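Written below as structure tokens is the structure these notes are about.
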Amino acid sequence: MAIRSLSAVVVILLLAASAYGAFFLVPTEATMGIVQRIFYLHAPCGMTALSAFLVCFIGNLGYLFKRQPKWDWLAVSSAEVGLAFCTVVLLTGPIWAKPAWGVYWAWDARLTSTLVLWLLYLSYLILRTLVEDLDRRALISSFYGVFIFLDVPLVYGSIWWWRTQHPQPVVFTSGGLDPTMRKVFYLSWFSLTALMALLIRQRYELEQARGEAEVLARELEAA
Amino acid sequence: MSLLSNTAVLLGKELRTEFRSRELLTTTIVFILMIVVLFSFTFDPTADESRRFGPGLLWMAFLFAASLMLQPCFLREQTNDTLSALRLSVSDPFAIFLAKLCANTLFLALTELLLLPVFGVLYNVPLLPVLPQLALVLLLGSLGLSVTGTTLSAISAQARMRELLLPLLLLPLLAPLLIASTEATAALLDRNPTLRWDWLAFLIAFDVVFLTAVWLFGEYLLEE
């Protein structure tokens, strides 16, 4: 318990530090102005969502091969957390896009693929609500999870080929980003990933408790 | 070898079941026809406008039709628990999927071929000069539709709200297929028709990825 509270405090401090960095340390971007500061939330959230979906995929594969409920708990927790981060990306995007591009939404490659990704994991979570039996639900949703994760590169590929106007990534290329900007970006990426881990862990325990309660209820019925 | 012979027998069974009643085919054909007709009211279908919107609406119609027509694919094996019988009779459960998806590809392709002339006439687009190329695009697209649709119908058959669930699971997954097949079709209906090999390659990649996934993991969906 103490460790959990401690890690929550650490995550909050990290997030506060990233917010401080984004608001007070980084220089204001020359052409886009103050609104560009949303970048320190927007872009790392996108990357965090992708890593949560990767964890979900690992959970799905784990369940298909090992058939232990814990893999399914991991998958559903990370899918939900990933969807939450993905929602943040989709909400902060338009706030940035309106002043920068003049429109709230452009059907550009990365926006469109993020939206499709969001829809895919929404379907995954809806599927889970429509199957009663725990083992059956774990099995078929794991299968669907593998299917949608395989679809992700195809979605990106097809939409990329089709149209693109999003700012090309400047973070990993040298010279694209001011050093302070880069540091704050990495700090905020790290903090959000820590937040993701914390949330997945919490959600996992909830799912574990639910699963165990369900098993107990079934035993009680049988007795 | 037993995989192929099993598949052939099961495919025969699927085709026999369908061609005895032809329920699925007639309903789907009429359904697509209705979408194509109703869509023509939403814009003025002159030759130029149709070139812009036609390929997209054609593929949307196919996507909707597939998500409805593939519904009963596994569901009808549940009524008398014929799925258990199927499982017992084949050496590799992949044969069940393979037979069903071959049959569904065939049904879809047949439906599409019957509707193409209607589409060409209603929307003022000359299809005859590019028919062989168009058939190739349709075949690859339908294969992708039935690989994913057949498999997901095995999922939706085990859930509640299954009629609504299959489109919900299938449509976002088909976004890449929709883009690729629409672009390939649009290039063929252009004033200077071209066969876009890059999009065809993409369709092949889509088919191969999901076919492999079904081959690897499909049997888990048929477990008791």
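Modelled label positions at A:Ala17 and B:Arg162, each set 7 Å beyond Cα in the direction of Cβ, lie 5.4 nm from each other.
Scalar couplings 3J(HN,Hα) for the range B:89-104, obtained by applying the Karplus form with A = 6.51, B = -1.76, C = 1.60 to θ = phi - 60°, are 8, 10, 7, 10, x, 4, 4, 4, 5, 4, 5, 5, 6, 5, 4, 5 Hz; x denotes Gly and Pro. Projected label points at A:Leu122 and A:Ile58, each 7 Å from Cα along the beta carbon direction, are separated by 2.8 nanometres. Within the straight-line cut-off of under 30 Å between alpha carbons, the lysines reachable from A:Lys98 are A:Lys183, sequence neighbours fewer than 8 places apart in one chain being disregarded. The alpha-carbon positions of chain B define a convex hull whose volume is 121 Å³ per residue.
Take each residue of peptide A:142-155, count the partner chain Cβ atoms within 10 Å of its Cβ, and average: the result is 5. Taking the Cα centre of the range A:31-177 as reference, the dipole from Cβ charges on Lys and Arg (+1) and Asp and Glu (-1) amounts to some 180 debye. Over the range B:129-198, what number does the Rg to Rh ratio reach, with both radii from the alpha-carbon atoms and Rh per Kirkwood? We get a ratio of 1.12 for the range B:129-198. Directionally averaged projected area (chain A, Cα convex hull): 14.4 nm². Per residue of peptide A:92-101, the mean number of Cβ atoms on other chains within 10 Å of the residue Cβ is 0. Extending 7 Å from the Cα toward the beta-carbon at both B:Trp197 and A:Glu221 defines two label points whose distance is 5.9 nm. Determine which lysines satisfy two conditions relative to B:Lys13: a Cα distance under 16 Å, and not lying fewer than 8 residues away in the same chain. Correct list for B:Lys13: B:Lys100.
Counts of other chain beta carbons within 10 angstrom of each beta carbon in peptide A:120-127 average 4.
Using the rule -39500 (n - 2.57) for each DSSP H run of four or more residues, divided by the residues of chain B, the 222 nm mean residue ellipticity is -27000 deg cm²/dmol.
No lab work stands behind these numbers, since they all come straight from the coordinates. What you are looking at is a predicted structure, and each value in this text was computed from that prediction instead of being measured. Virtual Cβ from ideal backbone geometry, glycine too; neighbours counted across all protein chains shown.
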